[in-house]
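The values are calculated or read from the model by the stated rules, or taken from the named source; none is laboratory data. Only a predicted model underlies this, so the values are computations on that prediction, with no experimental measurement involved. In this analysis, Cβ positions are derived from the backbone assuming ideal geometry, glycine residues included, and neighbour counts consider all displayed protein chains.
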Amino acid sequence: MTMLAPKHWQFPPGRLEEGFEDKKPLYDEAEAMAEATRCLYCSDAPCIQACPTTIDIPTFIRKIGTGNLKGAARTILSANLLGQSCGQVCPVEVLCAGACVYKAWGREPIAIGRLQRYAVETTLAQGPTLFQARSSTGKRVALVGSGPASITAAGLLALEGHTCTLFERQALPGGLDSLGIAPYKLKGPEALRELEWVLSLGRIELRTGVEVVERASGPGQVTAAELLESHDAVFLGLGLGVDSHLGIPGEAGEGVHGALHLIERIKAEPGLRLEGVRRAAVVGGGNTALDMAHELALLGVKVTLVYRRSEEEMSGYAHELAGARLDGVRLLENRQPLEVLRQEGKVVAVRLLATNRDGKPLPDTEELLTDLVAVAIGQERAPRVSLAFPGVELDAQGRVKVEPLTHRTGNPKVWSGGDCVNGGKEVVNAVAEARLAVQSMHRYLMGE
């Protein structure tokens, strides 16, 4: 059964997200054709090797150049069902485009991500049938969560003839793809349109507002035991937990936000306005911190990115930092928050401790004036509901343990992928992991 998006899935109007401009807007036909003709169509294309989903990039670009957009889209989506959103959000600068031979020659690499988005978005808007699902196998699969890993797994399983049900505890589906991506890269409604296309492949039901728990205590809940009993296999695409805390005085209260939670509010909450926020401090050095800082800067806020080590040691991508700086973000290195200072309950500053290059404290302190603090130092471990499935275990970092080549857990009926396994990588990594899991799940379901 196919369940297309009901009205209550739609993002409401009046959201801050709506005011963001697309940093890499959709190509028109002339732009795409001109860029496609630059490609050398390398026979041993390094861009393919750099893509976690190994899309045949030279082939799809050649098809764009010959006007075969449907063929280009089919080439992309055969390897990556979320080819449109990955074309928008992938860090192509360090993946496919970063491996382009042009870059080694000191020339501008092919804009692979923008060509990928053009081929898929333009084709799907025309509504053609690109894939035909196999006959029903009679097998049923439950997928917990509706983020990129689960969406991909459901689509691939449906194409193999299996019936899938996605269980999403939130009212809006899509996970980080719809609620956690910076709006200058991908807006929520765009992510939902891609999700609707995956659902249109057939035999996929998406149930929102349903939480999977160990023991049911009310409506809108289903237990892990019930899923195992009523389905032939289960896929866990749980994501990670809530934003981690600094654990410093003054942190609790108005004006201090977990970065992912604030990004979600900017994307989904109608009427949210950052009134009175002229200055913001974003704490962290990863890509979520960079996205948060960049978003706030684009909203007209003076942003300082506070990182406890040096710029060279940041885990966030250099090109993301460069882009944020162009829009006014300032990096304050070797500083560690000691206390959030408040007056009459409102945030007015953050007391910072200087650190050396190893992140160890020095005796110097200073106060950074700010009206808002966004904390982007990671997320809590994978949701504990994973442990409600017998045989499923977490590693020392709180990630679901799987067999690397199959993504099967310690329970022979349960597979897993995405952030709850890899600790928080890119959308394209979640897609790649889901594809590995589905290959193993399909063999199991068919008795091979």
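Annotations
- The helices (runs of 4 or more DSSP H) found entirely in region 11-86 that carry 3 or more residues being under 28 Å from P189 (Cα atoms) are 29-36, 57-65, 69-79.
- Subset of region 378-397 that is within 23 Å of G286 (Cα to Cα) and in contact with a helix residue (DSSP H, G or I) (Cβ under 8 Å, 6 or more places away or on another chain) - its residue that is modelled with the highest pLDDT: Q379
- Counted residues, region 117-155 - those being buried (at least 23 other Cβ atoms within 10 Å of the Cβ), over 30 Å from V213 (Cα atoms) and touching a Phe, Trp or Tyr at 6+ places or on another chain (Cβ under 7 Å): 2
- Within region 221-243, being surrounded by fewer than 14 Cβ atoms within 10 Å (Cβ to Cβ) and in contact with an Asp or Glu (Cβ under 6 Å, 6 or more places away or on another chain) holds for one residue alone: V242.
- Cβ pairs under 6 Å, 6+ apart, first in region 170-199 and closer than 22 Å to L159 by Cβ, second charged (D, E, K, R) and in a helix (DSSP H, G or I): A191/D177
- Any hit, region 246-262, residues being without any contact (Cβ under 8 Å) to a residue 40 or more places away in the chain and buried (at least 17 other Cβ atoms within 10 Å of the Cβ): no
- Criterion: touching a helix residue (DSSP H, G or I) at 6+ places or on another chain (Cβ under 6 Å), at pLDDT 95 or above and not assigned by TED's automatic domain parsing to the domain that holds R435 - qualifying residue of A293, A233: A293
- Scanning region 402-448 for residues that are free of Cβ contacts under 8 Å to residues at least 60 places away in the same chain, charged (D, E, K, R) and within 26 Å of E229 (Cα to Cα) turns up E403, R408, R443, E448.
- Within region 301-352, tally of residues that are closer than 20 Å to E366 by Cβ and of a type in the set (G, A, S): 2
- Applying a threshold of 9 Å to beta carbon distances and a minimum spacing of six or more residues, or different chains, the list of pairs starting in region 115-141 at a residue that is on the phi > 0 side of the Ramachandran plot and ending at one that is surrounded by 11 or more Cβ atoms within 10 Å (Cβ to Cβ) reads G138/G161; G138/H162; G138/T163; G138/D232.
- Candidates R342, R357: the one that is surrounded by 13 or more Cβ atoms within 10 Å (Cβ to Cβ) and either within 33 Å of the chain's Cα centre (by Cα) or in the same structural domain as L290 (by TED's automatic domain parsing) (or both) is R342.
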